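First comes the structure, then the notes that go with it.
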Amino acid sequence: MTCEGRSKRGESILRRPGTRDSIPLRARYARRVTRRFGWALGGIVLAAAALRLFRLDHFSYGLDEILQGYMIQGDWKSFWGSLKFDAVHPPLDYLIARGVEAFGPPDWGRKLPAVLWGVGTVAVLGGLITRRVGRAAGLTAAAFLAFAPFHVRYSQEFRPYSLGLFLMCLSLLALDAFLARPATLRLAALFLACLATAYALYLAAYVLAIAAAALLVEDAFDRDTERRRAARRFLLWSPAFVAALWVAYLPWWPVAVEAARRAPPVSAEPLTGQRIGRTLSFFAFAPADGEPIRRGTILFWALVAIGTWLAARRSRHRFLLAWAALALTGIEILGQLHPHWYSTRRFLPAGLAIVALAGLSIGELLRRPVARLAAASVLVVIIVLDLRSLTRYFRDGRADWRTLADFLRREAPPAERIFTENQYSELCVAFYLEGPLWLRTGGHLGRDIWNLEGEIVRLTWSWHAGKTAWLVLAGEPRHEPLRRWAAAFPCRPFPSAEGALLCRLDPALREKALGPGR
């Protein structure tokens, strides 16, 4: 027989005959809910891992990944020299990649750390939103990010973006944990996470400063006395915290300053309706940058708008607004002041807050029993739209230079020279034909691979009479005179290698092709 009694606090408890256990019903219920939440979040994280591991070796690297593959080679002096000369990204991800390189990994092996950081970002963002907003919103934000095509893509890329996003979210989670219960170890963890973010990705550190400041200001007026006191004390001492970060960043600070002083390589990209649509599509369901707005895009941004309205009305939610809006605005301002080659991926650190706002709207509906069916239906629709885009991405969403390199390896004897239209295609072909050490050896590792820079005249002394040669037309910049000239030779298309054309330069046609008038 089971009898019910009361604890000292007046809570209902369950007594089992023949046992000494007396567990409060509320505690048992809380444990059950926590366990279910843990299983749900664990399932989302496993799904995120499966998506990011799927077809990891289906594509080759793109040019930026190939450049990173070149940079991590050689001795430490040349490694650091390359990083400081390039200065586009801080060194942390390159150091990790160099450590992995010691094991002689294949292409997909070099991407495994990015997969790990991407999966970790899903878990950490879910944990952060759960702490600030609630379990339902935390789960939906994690689910949206787990299936988001843009995040799957950059979690499979051999570049620093995945690490930077992970460390940024980890820093915000560490800050929230410290404000909830200040302790020396938590402060040290927060400091190390922020420092690692700055050493991983410039824009992630920039957005972290925006989001962390918004979180601190919001909590400085929180209803919880202890949290309010902790936030105000942290704000008071924040100059010392920032100064300590700057001192720890001094080894890289001159490089970052020198990079900021360089003349912009391109002019600023104007803010147009096409660019706004490109951004809206990118963070919704686009499998690649530059996709047009579709009906699913409108649905996703309707959820973001609802989430924005909800966040504006509630405490501990409003930092998401600053994270999204101020980060998007700030990154755009930086892009106008110091432009670089444009890509929507520059907004990635702000995109996580956009995903969280969309999850907030579904999470609110899931909290209401009467609306749970509708919320679950919308959630399923979003995931189905994500999976449709991911199907396109996994099929043909990236370049594969290995097909062209394999063909040359089979058909072109080592004595036959290979010419490329530009340095872009030269670097890509050489990486997969000769390996990542090609650049360190000054291009003298094996085969002769020459960049024509679009100039036909270079062939007059570099294409030897009586010898077959090969010409790769791909990448940027395109040189139309060279392409028109090459049309006289048999050419084979390689669509997966960024639409490359491989032309066989027949020695029987050499004199005519390079004769007077050419």
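Residues that are of a type in the set (A, V, I, L, M, F, W, C), closer than 13 Å to Leu92 by Cβ and either buried (at least 16 other Cβ atoms within 10 Å of the Cβ) or touching a residue at least 24 places away in the same chain (Cβ under 8 Å) (or both) within segment 171-197 comprise Ala193, Cys194, Leu195, Ala196, listed in sequence order.
The condition (being under 17 Å from Ser238 (Cβ atoms) and of a type in the set (Phe, Trp, Tyr)) is satisfied by just one residue among Phe166, Phe191, Phe158: Phe191.
Only one of Thr130, Thr121 is β-branched (Val, Ile, Thr), crowded, with 24+ Cβ neighbours inside 10 Å and outside the structural domain of Pro436 (by TED's automatic domain parsing); which? Answer to the selection: Thr121. Within the option set Thr460, Thr420, being surrounded by fewer than 20 Cβ atoms within 10 Å (Cβ to Cβ) and either of a type in the set (S, T, N, Q) or at pLDDT 95 or above (or both) holds for one residue only, Thr460. Taking segment 367-392 as the range and being farther than 17 Å from Phe300 by Cα, of a type outside the set (D, E, K, R) and touching a helix residue (DSSP H, G or I) at 6+ places or on another chain (Cβ under 6 Å) as the test, only Ala371 passes. Restricting attention to segment 216-228, which residues are of a type in the set (D, E, K, R), assigned to a helix (DSSP H, G or I) and either surrounded by 15 or more Cβ atoms within 10 Å (Cβ to Cβ) or touching a strand residue (DSSP E or B) at 6+ places or on another chain (Cβ under 8 Å) (or both)? Once the filter is applied, which keeps residues that are of a type in the set (D, E, K, R), assigned to a helix (DSSP H, G or I) and either surrounded by 15 or more Cβ atoms within 10 Å (Cβ to Cβ) or touching a strand residue (DSSP E or B) at 6+ places or on another chain (Cβ under 8 Å) (or both), segment 216-228 yields Glu218, Asp219, Arg227, Arg228.
Out of contact with any strand residue (DSSP E or B) (no Cβ under 6 Å at 6 or more places or on another chain), over 18 Å from Thr279 (Cα atoms), in a loop (DSSP other than H, G, I, E, B) and not basic (Lys, Arg): does that describe His340? No: the conditions fail for His340. Looking only at segment 446-467, residues that are more than 16 Å from Glu416 (Cβ to Cβ), hydrophobic (A, V, I, L, M, F, W, C) and in contact with a Leu (Cβ under 8 Å, 6 or more places away or on another chain) come to 1 in all.
In the condition set (1) crowded, with 18+ Cβ neighbours inside 10 Å; (2) in contact with a helix residue (DSSP H, G or I) (Cβ under 9 Å, 6 or more places away or on another chain); (3) in a loop (DSSP other than H, G, I, E, B), Leu437 is compliant with all but (1).
In a residue-by-residue description of segment 279-287, the property of being assigned by TED's automatic domain parsing to the domain that holds Val88, more than 25 Å from the chain's Cα centre (by Cα), modelled with pLDDT of 95 or more and surrounded by 15 or more Cβ atoms within 10 Å (Cβ to Cβ) applies to no position.
The values are calculated or read from the model by the stated rules, or taken from the named source; none is laboratory data. Small disclaimer: the values here were computed from a predicted structure and weren't measured. Using ideal geometry, Cβ is built from the backbone for each residue, glycine included, and neighbour counts are taken over all protein chains shown.
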